């Protein structure tokens, strides 16, 4: 009889324990937001930001990536916004490699963050994962350092390595690789999407709802959103003189991309002789920034003058300007 009672007592205790563990088990989330500040010591810009929104429905996960790139400097004062949206044929649990963000130990995360204080860090990724857990909203912080990215580092901690692998997957899926962007914009192409897109996530960014994720970064997503509304400044090229006559047909030089990136501007002076057919002969550059010489020569070689002016020598000048913000203040 005592044995039966004892066995019954044990079963009750075990059953209660199992039920309690089941009750306390953290369910896998269906929505998470991941903020990333990718920083590098080559720029400007030195920081590239993105927010990735993951929403799971069964065996499918929708991924929306919104990237925000700060302006390079006052010559390019417009931030850029790009949006990528893909659907993955796998559950969020699979995307996250079976790791539930709600169950990641805080103690382990704090220990991993201390690595940043050991040795110099020139580039890396500041990661924040925002997730709704049973106890409320939780933000998981991780630092992916340059030694984790550019070297196969055997000592990369567990959750840092997990974050790095996750980003490799999401970057590949969205086609968005922050450090592959050019340091300086060298074309007049429009941004990938207009910042006025009706994306719910983008509107939340504009309203500052995710600024707190980047509290330790130099920029805030809402501020970058506003900067994306700026009218882009465009470099200008103008024919400032052509004496004693101007061409009947002229071609404007192309501003060399390398000259724009190097912030080269100024006036190029030249002279040429009008040929018997009105074409330009004996082109020579007299003064001006050397990085602009070839562009001027290539352009004026296509100019045409009246055949009545054959043999005349033309002295001219062409001005290149970057139209930077500091210039407008002078």
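Where a number appears in this text, it was derived from the coordinates with a stated rule and is not lab data. On a predicted model such as this, the values are computed, not experimentally measured, just so you know. Cβ: placed from backbone, ideal geometry, glycine included. Neighbour counts: every protein chain shown.
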Under the classification rounded if a/c is under 1.5, otherwise prolate if a/b is larger than b/c and oblate if not, where does the stretch 31-227 fall, given a ≥ b ≥ c as square roots of the Cα gyration tensor eigenvalues? oblate
Find how many whole Å separate the alpha carbon centroid of the stretch 24-60 from the alpha carbon centroid of the stretch 230-273. 44
Within 10 Å of each residue's Cβ, count the other Cβ atoms and sort 88, 202 from fewest upward. 88, 202
If you average the alpha carbon positions of the stretch 281-319 and of the stretch 96-165, how far apart do those two centres end up, in angstrom? 59
Which distance in nm do the two modelled labels at residue 161 and residue 137 give, with both placed 7 Å along the Cα-to-Cβ direction? 3.2
Paramagnetic label zone (point 7 Å from Cα along Cα-to-C-beta, residue 263; backbone N under 15 Å) in the stretch 46-60: 46
Simple spin-label model, 7 Å along Cα-to-Cβ: residue 207 to residue 301 in nm? 5.8
Take the alpha carbon gyration tensor of the stretch 47-160, find the square roots of its eigenvalues, order them as a ≥ b ≥ c, and report rounded if a/c is under 1.5; if not, report prolate when a/b exceeds b/c, else oblate. oblate
Quick calc, residue 108 & residue 60: beta-carbon distance into FRET formula, R0 22 Å, rounding 0.05, result 0.15
